[in-house]
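Where a number appears in this text, it was derived from the coordinates with a stated rule and is not lab data. Note that the coordinates shown come from a computational prediction; the quantities given were computed from them, not determined experimentally. Cβ coordinates were reconstructed from backbone atoms using ideal geometry, including for glycine residues, and neighbour counts include every protein chain displayed.
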Amino acid sequence: MFGRRRKRSEDAVDQFDDVTSEESAEDAESAQDAAAESRVRLEPEPRPDGPWDVSEVHAPAEDRVDLGGMFVPGVEGMELRVEVAGDAIVAATVVLRDSAVQLQAFAAPKREGIWHEVRDEIAGGITQQGGVVDEVQGPLGWELRAQVPVTLPDGTNGVQLVRFVGCDGPRWFLRGVISGQGAVQPQTAGMLEQIFRDTVVVRGESPMAPRDPIVLKLPDDAQMVAEGMQDEQQGSRFAGGVERLQRGPEISEIR
């Protein structure tokens, strides 16, 4: 009798251990899923120094160029180029001496930042091309410093140093691509970084799918200088900005 009771007790313990093991595994899996979910759905971080949403700026057109979907700061001696995709203007590039920053704004989910995902996409695309990418904490937050394979004017292969910066805002995401000396010597890019910070994004109230580019327009007094149309970009729409700095219609704003 006692032997049977011990047997049942042992069976109960074994069953309890099995259930506990299964529950522990399920709990661990749930915890991993929750952690992964929390990494994916990160709230946009505060932006005490910009970039700005149009609702946060009293006079967005003051000392800025009105591009419709963005107000870009005007800096003395700068050249402003716009980038065209099809019939739409989707990006602006500020060229200042021997450096440049390309600015492009995208729609984003209301309560979810996407810069962490975008960094992964950009890094993956560049790595597939044989480039090298480092993720570092820079003056504008997390950024990618990349060596991107390019074809040089003489037909030989080389690399271009590029910095990808980004910021999540309310229902928008602003990406910047810094090239030239501002990428080769990041400590010299202070003015370009300030241009990025002081940019104002106009998301608008129209429904937009997340990651759709916010369309821009030319300033009323702009003078177009055609330099050829931009080829349709392949791969991630966020990975562009390297070759595009050399092409596309442009406008000149001398401040």
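Assuming a ≥ b ≥ c are the square roots of the Cα gyration tensor eigenvalues, decide whether the stretch 152-195 counts as rounded (a/c under 1.5), prolate (otherwise, with a/b larger than b/c) or oblate. It is oblate, given that a/c is not under 1.5 and a/b is not larger than b/c. Loop-located GluC sites (Glu not before Pro) across the stretch 64-94 with a Cβ neighbour count of 10 or fewer within 10 Å are 76, with loop assigned by DSSP.
Paramagnetic label reach from residue 43 (point 7 Å along Cα→Cβ; backbone nitrogen cut-off under 14 Å): within the stretch 85-125, residues 110-113.
Distance from the C-alpha centroid of the stretch 122-150 to that of the stretch 172-200: 15 Å, rounded to the whole angstrom.
To the nearest 0.05, how large is the calculated FRET efficiency for residue 127 and residue 88 if R₀ is 35 Å and r is the Cβ-Cβ distance? My answer for the efficiency is 0.75.
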